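Enquirer: This is the structure I want to talk about, given as structure tokens.
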Amino acid sequence: MIVVVKYRIMDNNIRKIVNSLRKIPFIKEILFYSGEKNSIFANNYKIWEEGSNLNPIEEVYDVKILELARRMYFPTCG
């Protein structure tokens, strides 16, 4: 999984989130970009944005579940 961190100012909140994301074993890369608003993306899903109440660690696991569900084959009968 690739995580993209877009930041306006690298503050302590972003650093704390990035440090906890580095401990997750299935995150292969963390990329940093300067942007207009602080936000975090995992595999093109927005998992956190400045001012939101979402927990980015839980959202990373939700993205992992979505990715695994997309790979599954669900046969249908007609």
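Enquirer: Spot the failing condition for residue 51; the list is (1) over 12 Å from residue 5 (Cβ atoms); (2) under 12 Å from the mean Cα position of the chain (by Cα), and only one is missed.
Expert: Failing condition for residue 51: (2).
Enquirer: For segment 19-59, how many residues meet the condition of being open to solvent by less than 70 Å² (accessible area, probe 1.4 Å), outside any strand (DSSP E or B) and among the hydrophobic types (A, V, I, L, M, F, W, C)?
Expert: Count: 5.
Enquirer: Could you give every pair whose Cβ atoms fall below 7 Å, whose first residue belongs to segment 51-75 and is over 16 Å from residue 39 (Cβ atoms), and whose second residue is polar (S, T, N, Q) and not in a helix (DSSP H, G or I), counting only separations of at least 6 or pairs across chains?
Expert: Listed pairs, sorted by first residue: 67/43.
Enquirer: If I filter segment 63-78 down to residues being outside any loop (DSSP other than H, G, I, E, B) and surrounded by fewer than 14 Cβ atoms within 10 Å (Cβ to Cβ), which single residue comes out as farthest from the chain's Cα centre (by Cα)?
Expert: Checking each candidate, the answer is 71.
The values are calculated or read from the model by the stated rules, or taken from the named source; none is laboratory data. Predicted model, so just to flag it, every value in this text is computed and none were measured. Note: ideal-geometry Cβ built from the backbone for every residue, glycine included; neighbour counts use all protein chains shown. Ligands, DNA and RNA are excluded from the accessible area calculation, which covers all protein heavy atoms including side chains. Shrake-Rupley method; radii C 1.70, N 1.55, O 1.52, S 1.80 Å.
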